[in-house]
Amino acid sequence: KFILAYRADPPLSKHDNENKKNKLEKKPLLIIIHEFFGLNQSICDKADALAKDLDCVVIAPDTFRGETSTFIPKCIWLALTTPQDRVNQDLDDVLAWTSNQDGIDTTNKGLAVMGFCYGGGKAIRYTTEMQNNAATVVCYGSPLTNVDALSKLNKPVCGVFGSNDFQFP
């Protein structure tokens with residue numbers, strides 16, 4: 001299955017070149033889910049920076065299937081019409097693909113999912129519904145407050161929200 005996505009790799013060091021030859025060390029995988037603007041240059045820049053800073057492979061799938069916008073009503077429409085089940089399948093497909101790639105750790109130890117705005121809500125729902133052994137980072141987005149769903153998570157969760165933002169409880 002074809003999924004449009006951006007991939008960012010950490011810079012190679014001498015140590016990495018030796019490991020690549022021997023296939024000894026795998027890099028952790030961070031999947032980032034874009035904002036309601038879609039997979040744009042800003043998200044690709046974040047992926048590059050995170051890959052470099054965290055020494056991991058970052059995959060940013062395009063859950064809007066090639067659509068981007070800066071027109072807020074269209075952004076809202078894209079976010080509201082993209083079902084969680086489809087996002088979950090996209091992320092599962094990304095994991096299936098990366099599990100067959102050399103040098104990427106998709107195990108419970110090396111997997112995290114991060115989302116911004118629209119992607120934050122999708123990230124926490126993906127990890128509670130499909131991948132409870134992944135660490136989760138929610139940068140805004142629709143919060144999940146269902147205690148039963150959250151109790152399924154086996155890895156850390158970090159939520160980043162404004163303390164005086166009226167749209168979040």
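Values quoted throughout were computed directly from the atomic coordinates according to the rules given, and no laboratory measurement underlies them. Predicted model, so just to flag it, every value in this text is computed and none were measured. So basically every Cβ, Gly included, is an ideal-geometry build from the backbone, and we count neighbours across all protein chains shown.
Annotations for the structure displayed:
- By definition, a body whose alpha carbon gyration tensor gives a ≥ b ≥ c is oblate when a/c is 1.5 or more and a/b is not larger than b/c, and segment 70-169 fits this oblate description.
- Seen from every direction in turn and averaged, the convex hull around the alpha carbons of the chain projects onto 10.3 nm².
- Loop trypsin sites (Lys or Arg not before Pro), segment 106-163, which have at most 14 other Cβ atoms in a 10 Å radius of their Cβ (DSSP): K109, K152
- Per-residue extension of 0.36 nm, minus the Cα-Cα distance of R86 and S151, leaves a gain of 21.1 nm for this segment.
- Per-pair calculated FRET efficiency, R0 = 25 Å: E25 and K52 via Cβ, rounded to 0.05: 0.90
- Cβ-Cβ distance of N100 and C158, R₀ of 41 Å, FRET efficiency by 1/(1 + (r/R0)^6): the value works out to about 0.90.
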